[in-house]
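Beneath this line is the structure, given in C-alpha cells, with notes to follow.
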Amino acid sequence: MSLMINIRRKPQDEVRTRFGRVQEAARQGADVCRQGASGAAGRIAPMAGERVMVVRGWSAPRLRQAARFVETGIAPRVSMFLSDAAHRVEPPQQAKPGRGALMAMMGVLAAVSVAGAVATRRGVIRDLTKGSGEHVDDATSADSMTVTGADADGQVHSPH
C-alpha cells in the first residue's frame, strides 16, 4: 500500500470563507468580553469609589504629617547644609585695591602730625627753659627770620 499525499490546492473561495468565519468569531468574542467587562465595572465602580475615598481619608493626615516633618525637620538641615557648602565653595573676597594704600597714607599722616606736635612742644619747652632775652629778640625780629629762618641750633620757630 502506498500512501499518497494530496498536494492539490484548495480553492481560494473556500479559504476566504473560512478566514471570514474566524474573523466573525473573533469579533463576537470581543463583544462578549466588552459586555462582561462593562457589567463588572458597573458593579465594581461604586465599591471602588468608596474604597478610594477611604484610602484618601487615611492618606491625607499622613501627607500633612510628612509635610510638617519636612518643613520643620529636614528643610532646616538641608538649608544649613547648602549654606555651609556655599561658604566652603565661595572664594575669599579680595580687598579693594585702593583701601590699603589709603589706610597707609592716613597712618603716615597721623605719624607725621604726632611727630610735628612733639617737636613743637619740645621747642616751646626748650625756649621756656633757656629764659634768655636774646632768644626772644631773635623770634621777634623780622630781619633775622627772613635771613636765617632758624636759630643757632637749626630749630625753626614760628613768630609768637
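Just a few scattered comments:
- Qualifying residue in the range 61-79 (condition: assigned to a helix (DSSP H, G or I), of a type in the set (S, T, N, Q), at pLDDT 85 or above and under 23 Å from the mean Cα position of the chain (by Cα)): yes
- Selection from the range 111-146 of residues that are at pLDDT below 65, loosely packed, with under 11 Cβ neighbours inside 10 Å and not in a helix (DSSP H, G or I): S132
The values are calculated or read from the model by the stated rules, or taken from the named source; none is laboratory data. These figures come from a predicted structure and were not determined experimentally. Every residue, glycine among them, receives a Cβ derived from its backbone with ideal geometry; neighbour counts consider all protein chains shown.
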